[in-house]
Every structure is written in structure tokens, then in C-alpha cells.
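Here the structure is laid out as C-alpha cells; the discussion comes afterwards.
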Amino acid sequence: MPPILTAFRQSPDRGRGLARDMQVRWALEEVGQPYDTRLVTFDEMKAPAHLALHPFGQIPTYEDAGLALFESGAIVLRIAESHAGLLPTDPDARSRAITWMFAAQATLQPPIVELEMASLVERDAPWFEARQPMLEQRVRDRLGQLSARLGEAEWLDGDFSAGDLMMATVLRRPGSARLLDAYPNLAAYIARAEARPAFQRAFADQRAVFEAAAK
Ligand code: GTB
């Protein structure tokens, strides 16, 4: 039986590939692992059957044989560890690639999400305008540091890895995407990642879900 991934039945991102099933789809495509998708509504995500898989009632979840996982980073790591193609075989290089996965989620993503959330939920708050420069500067600081490290390299550490997959995923978020003009090497890095055939297939598959729901 192929692994089963859960995704939104009607994604609020309107098919832009921003929900976190996208990185799992992309990883599965990179390693050539077929999978099935179980689409869930918001109500189904909060019902006992889904909560047994995901304690926080979210997507994505991933079921493979007897194993059930949640957290997109952990799922991508599992896929990368159990298939060739997303992690180097050399142990030190492998640890460095995994470090970039953590850096994407633990260091880059928080300020980017905070900036996005402020625009979504605090726009009418009296402090909204005053906080924006500080929130934007936090994102710029991280983008500048990442840009300096990447330099003119194609990927973060040698060949494309799960670290690049997770980093490009975070950089595609609207909170960073609109600040990327100042970092042409990061914009080119994302474009290279998005041009990968595996990304294109994953994007088309999640887009098809949105289009089917919109009919
Ligand atoms: N840390 C977890 C992981 O990486 O797997 C976070 C999972 C998560 O945030 N899941 C979201 C979810 O299930 C969907 S991806 N939310 C429903 C809920 O909590 O009730 C986050 C997301 C949602 C919407 C957009 N969008 O509209 O653009 C983008 C990203």
C-alpha cells in the first residue's frame, strides 16, 4: 500500500502550494515514491479519527505501513532517510543537510510567519503600523544572513537536499517572498527549486485539488 498524506479538501491558500502538505508532496516526488492523498475538511481535522493521527488537529499527516507521523519536517526527514536522493550518504554531509532543514523551520520560519500573521490578524490594531518595521527587519536580517551564506552557490551545501527543499519552502511564504527583491541570489535559488520537475508535479497535484473543489 502506498503511504497516505492528508491535505486540505479546500485549501485557504487557493492552490498556491503554501499549505504544508506541499513540502511532503515535493519530497515524495523527488524520491519517486507514489502516494495516496486523503483530503480532510476543517471539521474532520478536529474529529477524533484525525486527532488520533495529529494531536493538534492539523494537516499534514503521513501514514506508511504501521507508522503515523505529523509535522511536515519530521515527515520529510522520514522520506529522505528511507529513500535515496534527498540526503547525502556521507554522515557529516548528511548531518549538515539535516541542519539546514532545522534552520529553515526553527530560524527562518518564525520571523516570516510572525510578519505574515501580523498582516492577517493585527491589521486593525493600533500598534500594527508601529510594529511593521521591526517585524520586517527581523525577516531581512535572516534573509541577509542566508543570502551571504548561499553566495553564488546553487544549493546550500553541495547537491540539492532535503535542507534545500525545506528552505525553499519557507522562502516561498508570502512573508518573505515580498522582501526578496533585495536578495537576487535567494530569488534565483527559489526559482531553481521551483523549476525542479518534482516541485512542478507536486504543485500541479495540490493545484488540481483546489480546482476540483472550486467546480
Ligand atoms: N508545524 C506544523 C507542520 O509543519 O506540519 C504546522 C502544520 C500547520 O500549520 N498546518 C495548517 C493547518 O492544518 C495548514 S498549513 N491549519 C488548520 C488548523 O490549525 O486548524 C498552514 C497554512 C495554512 C494556510 C495557508 N494559506 O492560506 O496560505 C498557508 C499555510
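Structure summary
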| read-out | value |
| --- | --- |
| Strands (runs of 3 or more DSSP E) wholly inside segment 24-93 that include at least 1 residues being open to solvent by 60 Å² or more (accessible area, probe 1.4 Å) | 36-40, 67-70 |
| Qualifying residue in segment 100-108 (condition: open to solvent by less than 70 Å² (accessible area, probe 1.4 Å), among the aromatic types (F, W, Y) and within 13 Å of the ligand (Cβ to nearest atom)) | no |
| Some residue of segment 81-102 being of a type in the set (D, E, K, R), touching a residue at least 40 places away in the same chain (Cβ under 8 Å) and out of contact with any helix residue (DSSP H, G or I) (no Cβ under 6 Å at 6 or more places or on another chain) | yes |
| Scope segment 194-215; condition in a helix (DSSP H, G or I), open to solvent by 50 Å² or more (accessible area, probe 1.4 Å), of a type outside the set (A, V, I, L, M, F, W, C) and closer than 17 Å to A168 by Cβ; matching residues | E194, P197, Q200, R201 |
| Residue ID - most open to solvent (accessible area, probe 1.4 Å), chosen from residues in segment 12-23 that are of a type in the set (D, E, K, R) and modelled with pLDDT under 95 | R14 |
| Cβ pairs under 7 Å, 6+ apart, first in segment 50-72 and aliphatic (A, V, I, L, M), second more than 10 Å from the ligand (Cβ to nearest atom) and open to solvent by 70 Å² or more (accessible area, probe 1.4 Å) | L69/R78 |
| Qualifying positions in segment 1-22 - near the ligand (Cβ under 8 Å from one of its atoms) and not in a loop (DSSP other than H, G, I, E, B) | F8, D21 |
| Residue that is farthest from R196 (Cα to Cα), among those in segment 23-44 that are near the ligand (Cβ under 10 Å from one of its atoms) and out of contact with any Leu (no Cβ under 8 Å at 6 or more places or on another chain) | F42 |
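The values are calculated or read from the model by the stated rules, or taken from the named source; none is laboratory data. Just so we're clear, the structure is a prediction, and the values are computed from it rather than from any experiment. Reconstructed Cβ throughout: ideal geometry from the backbone, glycine too, with neighbour counts over all protein chains shown. Keep in mind that these areas ignore ligands, DNA and RNA; they rest on the heavy atoms of the full protein, side chains included. Shrake-Rupley method; radii C 1.70, N 1.55, O 1.52, S 1.80 Å.
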